[in-house]
Amino acid sequence: MNQPSDKALVPFVSVDNMMRLVHHVGIEQVLCDLAAYIEADFKRWELFDKTPRVASHSDVGVIELMPTSDGEAYGFKYVNGHPKNTSEGLQTVTAFGLLADVYTGYPVLLTEMTILTALRTAATSAMVAKYLAPKGADTMAMIGNGAQSEFQSLAMKAICGVTSVRLYDQDPAATEKCARNLDGTGLKVVRCTSPESAIEGAHILTTCTADKQCATILTDNMVGSGVHINAIGGDCPGKTELAPGILSRSDVFVEYPPQTRIEGEIQQMAPDFTVTEMWEVISGTKPGRRDNRQITLFDSVGFAIEDFSALRYIRDRIKDTDYFFDLDMLADPDDPRDLFGMLQRAAP
């Protein structure tokens, strides 16, 4: 059997190799590295192709494609969101992604992105909080203690200096799971029995629940001045977590308005509801937090450029390592015009 040529091979990062890479680098360092890559791409936001993700909705969840390009590389992520999956022993979110060379169209990386999406989501949250959270913020309320909660907590620790996390979930077993996983990380972990107790003394309020419904995790009277809200859970039509009154009192920051107005917390508001694009704050053209009494709200739904940044990071980080293996993924006939001949010569 003929061996594939180098042109046929695409580096593939499996789940096992992704985990090995994260342990080798250190999870907090990976989160910091990803935040730096994402921040760098937000600073060149205008270079990117931008489009809302292509979504296929069903009664039980959503499957999405998230593409973008900076003109030199092209990336996309396949991702699903199925809240009912956990009751069946499955992940709510799974994902994989691909990075390609625009000049040739050839893929240069294929990777798992279930773990990588959790890492990049947390890195994005903390990168944004660095700009928007009140000065000296050291306590975060983590409401929703599912698969994302530990990543969020460690990212806020590594990037924003958070030292204490107050946990709440309607399922006490989820809170125990999160607290157990954060043991030994240097974070002070407080188990709470209600959202109200979780936000006591917290400067950053992170909401990350999975129910596919218009829920009210935070009511208007729960949120006082001088906090930063990191709203992650609202990420598809009909799925929100915050009372509209909170949005009315907050300065709201988003990734890409055409997508966020469909999927985010601001789907509850008028189409002309004022928001600030986060890339403008990072580029220095719009203000972020102006004073300590302001309520800032990051209406995070996840955007393709963040995945592109994560793919760039993995491509760069696996060079000269054994954290990938080559897939025979691309046909490479001796004569580019003779694909049929290649097939014919491979007959047993």
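Okay, here's what the table says:
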{"quantity": "All Cα pairs of segment 1-133, percent lying beyond 17 Å", "calculated": "69 percent"}
{"quantity": "Efficiency of FRET from Cβ geometry, residue 90 and residue 47, R₀ 41 Å, rounded to 0.05", "calculated": "0.65"}
{"quantity": "Sum of side-chain charges, residue 242 neighbourhood, beta-carbon under 10 Å (Lys, Arg +1; Asp, Glu -1)", "calculated": "-4"}
{"quantity": "Whole-angstrom gap from segment 57-115 to segment 129-190, using each part's C-alpha centre", "calculated": "26 Å"}
{"quantity": "Per principal axis, descending, Cα span of the chain in whole Å", "calculated": "72, 44, 39"}
{"quantity": "Label point at residue 330 placed 7 Å out along Cα→Cβ; residues across segment 6-27 whose backbone nitrogen lies under 16 Å", "calculated": "6-13"}
{"quantity": "Modelled FRET efficiency - R0 35 Å, residue 108 with residue 58, Cβ distances, 0.05 increments", "calculated": "0.60"}
{"quantity": "Spin-label pair residue 285/residue 78, simplified geometry with 7 Å Cα→Cβ offset, distance in nm", "calculated": "3.6 nm"}
{"quantity": "Theoretical FRET efficiency, 1/(1+(r/R0)^6), r = Cβ-Cβ of residue 225 and residue 273, R0 22 Å, to 0.05", "calculated": "0.65"}
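Any read-out appearing in this document is the output of simple, stated calculations on the displayed coordinates, not a laboratory observation. Just so you know, these numbers come straight off a predicted model, no measurement behind them. Cβ atoms come from the backbone with ideal geometry, glycine included; neighbour counts cover every protein chain shown.
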